[in-house]
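These notes are about the structure you will find just below.
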Amino acid sequence: MSFLNLVEGPLFTFAAAVFVLGALWRLIGIIRIGRAKDISPPKASAAAGFIKGNLRHFFPRGIFAKRTMVHIIGGYGFHLGLFMLVFFGVYHIDFLNERILGFSWPALPRWAFLLTSAVAFSGLITLWVRRISDPVMQLISDKDDHIGSWLTFLVMLSGCFALEQAHDSLRGVHMLLVDIWLIYFPFSRLMHSFTFFLSRGQSGMTYGRKGKVR
Amino acid sequence: MHNQFYSLRNFLKLSVLMLMLAAFAAPVAAQSVRPPGNAVNLDDGIEDGPSNALGDVSDTEFWDNFRGGNPSELFAPAPEGQVMTTTGQQWRMIREKFIRKYLGWAPVIVIGLLAVFYLVRGPMKITAGRSGKTLPRFTLSARVAHWFMAGVFIILGLTGMIILLGRVVIAPYLGLEANSVLTSAAMQGHNLFGPIFIFALIWLFIKFVRGNFFQWIDLKWIFKLGGFFGGHVSSRQFNFGEKTWFWMVILGGIVISVTGVIMLFPGLVEDVRWLQLSTILHALGAVALIAVAFGHIYVGTIGMEGSIDSMLKGEVDENWAKEHHDLWYEEVTGKSAKEEETP
Amino acid sequence: MTSKTELAVDKFLEQTDSEVASFFEACVHCGMCAEACQFHLSTGDPKYTPIYKLRPMERAYKREKAPFSRLKKMLGLAPKPVTEKELIEWAPLVYDGCNMCKRCTLVCPMGIDIAGTIRKMRAGYAAAGLAPEEL
């Protein structure tokens, strides 16, 4: 079995299984802890607060916008960019279509893919260099933050390196890093891509019940 | 965009072919600039080289009809109606005999000189020791702009070096296949990160241009050789060395950016000589910046105590400021830098 | 006899319901909360970063209660246990370093209710007798 067949075949299946099961286990584990019963009479709906809290935190608030501009632009640039790359890159759609889903959808044209990559890379690099040059982020960052950033960066970079599609080895390196990333994901802070809705939602519930989600 | 990347490559292939044709077709006229055999890939491991493209008969007159330009004139324009010029040959000679052969040594030499300097002079300490009190030097946004540029610069520097020197540095040791893989990867990475460099350059310029204009006081710095060989030099927020590096990055960066865009989108220019000039200027500018960047890294890290703080914490020790940027210290604090220097 | 640390940690864990757990699980250490915190803005001191004030409670949760914590403990990857020294060091941050204004929740991209969690953390301090005597 060639290296590419290994990392795209059995190893990928294993990594994907770890990713799905691990992420589910962790999400269920958090929810299962449960909340103490709130005996105060509700002023408004907690469920509406859950949704409102989730939506409201997508939008930065004016009073902080200037001070957190780098985070907002870098963060949105990276996350939206990565989302577009993962789900609308033509090779990704082909891979998902052939290996997992069995259907496909329109892909980004190549120029848009490259532009999106540039935005996503810029965002990720900005966020990480801020992490190493801001005393606040230096203080609160741990190994997991750096490993997560670098692993994601390397996955993206190896994907960019493989763009010519001329060498199986480059595609293989990209897939190997993807496998490592998938396995690392459920045990790390990369899980924030799923836990964010719990966090926003639960504080939305608490304050929604008090009628105070703004 | 995909196809345009390839057209550059086709252009390179065509240039090689042109050179070979020219070499065979005009043996007398081209004698003075005729490359040696190894420059035309005859003994680099490729078995069936493009020499067969010539056919069995070398038809001098046939090819002469396509080829124009005066080979003794540097970068002569192609005469009307001619598709081949002598400039491709000259371009290739510059690339093979000068750029690929010598340019890669520039960073190595700089590293060597720095190592010697470090061993002889050692790191520059804060002579008065750290005071424990700090002054803000670079804002967070300036630091982020700096490190963003640094990150993009490293990626582009490494991939660019592989593209330029892979054939002479990697291929002989790791083999042609490995070089091909690395070059393919580097090419894609370089093309993707290139436009990000332009963004980084603009960002860096906006954040650092203030205080970086040359002043009369910089002359003193030059006469004292920057204090690297002893003596005290006065300077404001940025000294002559820092200013020079800033403008090198900005001006060199503009050259690299413009030539890079031309190479990414070859359709932008009509005359092939712009592309040839671009590859040369791109390599010269990039290697110069990479070489000097090692000096910048040296002074910013192990070469000078207390420098790195300005880019990691944004604050520098007061004694560091007094010793290296006394006039800036006085401007910022309103105190004299001399008074407390000798207790 | 149970030590003060154990009392505090037990209370921390008891107070960590699925809401607080999801806060600790979602935080990406972006540091935006510092940009909203009055204490940080007026002193410039990174230790007033709101999420940093919760560090001992977060560590207790990640070591003892979080999903995969047992696995990570077995592999030696769990965070170090909370110490009494650390709790005493954090007391000024938990009590004097937060006025419950909740600006950090407004700026937080994850909507983490840091002030509300500080209140729960203070319960742990009170249970261990580590709260400031004046209170």
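The values are calculated or read from the model by the stated rules, or taken from the named source; none is laboratory data. Since this is a predicted model, take the numbers as computed values, not measurements. Backbone-built Cβ (ideal geometry, glycine too); neighbour counts: all protein chains shown.
A single entry from C:Ile88, C:Ile51 fulfils the requirement of being among the β-branched types (Val, Ile, Thr) and without any contact (Cβ under 8 Å) to a residue 60 or more places away in the chain: C:Ile88. Residues that are facing chain A (nearest Cβ under 10 Å), more than 25 Å from B:Ala283 (Cβ to Cβ) and in contact with a helix residue (DSSP H, G or I) (Cβ under 8 Å, 6 or more places away or on another chain): which helices (runs of 4 or more DSSP H) entirely in the stretch B:134-230 hold 3 or more of them? The helices (runs of 4 or more DSSP H) meeting that bar are B:140-165.
Being under 26 Å from A:Ile132 (Cα atoms) and either more than 9 Å from every other protein chain (Cβ to nearest Cβ) or in contact (Cβ under 8 Å) with a residue 40 or more places away in the chain (or both) narrows it down to one of C:Pro46, C:Pro56, C:Pro79, so name that one. Steps first, answer last, please.
Numbers: C:Pro46 fails: either more than 9 Å from every other protein chain (Cβ to nearest Cβ) or in contact (Cβ under 8 Å) with a residue 40 or more places away in the chain (or both); C:Pro79 fails: either more than 9 Å from every other protein chain (Cβ to nearest Cβ) or in contact (Cβ under 8 Å) with a residue 40 or more places away in the chain (or both).
After applying the criteria, what remains is C:Pro56.
Give A:Ala48, A:Ala36, A:Ala44 a once-over and let me know the one that is surrounded by fewer than 16 Cβ atoms within 10 Å (Cβ to Cβ) and without any contact (Cβ under 8 Å) to a residue 60 or more places away in the chain. First the steps, then the outcome.
On the way: A:Ala48 fails: without any contact (Cβ under 8 Å) to a residue 60 or more places away in the chain; A:Ala44 fails: without any contact (Cβ under 8 Å) to a residue 60 or more places away in the chain.
None of the other options fit; the residue is A:Ala36.
A:Lys37 passes every criterion in (1) closer than 15 Å to C:Val20 by Cα; (2) among the charged types (D, E, K, R); (3) outside any loop (DSSP other than H, G, I, E, B) apart from (3). The set of residues in the stretch A:150-203 being polar (S, T, N, Q) and touching a residue at least 12 places away in the same chain (Cβ under 8 Å) consists of A:Thr152, A:Ser158, A:Gln165, A:Ser169, A:Ser188, A:Thr195, A:Gln202, A:Ser203.
What are the residues in the stretch C:17-43 that are farther than 19 Å from A:Ile63 by Cβ and more than 7 Å from every other protein chain (Cβ to nearest Cβ), if any? Walk me through how you get there before you give the answer.
To start, the set of residues in the stretch C:17-43 that are farther than 19 Å from A:Ile63 by Cβ comprises C:17-29, C:43.
Passing the criteria: C:Val20, C:Phe24, C:Cys27, C:Thr43.
A quick yes/no check of all residues on (1) under 17 Å from A:Phe3 (Cα atoms); (2) crowded, with 21+ Cβ neighbours inside 10 Å:
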position	(1), (2)
A:Ala162	yes, yes
A:Val173	yes, yes
A:Leu177	yes, no
A:Ser188	no, no
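Of the listed requirements (1) touching a residue at least 12 places away in the same chain (Cβ under 8 Å); (2) surrounded by fewer than 14 Cβ atoms within 10 Å (Cβ to Cβ); (3) over 19 Å from C:Phe23 (Cβ atoms), C:Arg70 misses just one: (1). Cβ-Cβ distances below 6 Å connect the following pairs, each with a first residue in the stretch A:87-103 that is of a type in the set (S, T, N, Q), a second residue that is surrounded by 11 or more Cβ atoms within 10 Å (Cβ to Cβ), and a separation of six or more residues or different chains: A:Asn97/A:Ser104.
Looking at A:Ile140, A:Ile93, A:Ile183 in this structure, which one is more than 11 Å from chain B (Cβ to nearest Cβ) and at pLDDT 95 or above?
A:Ile183
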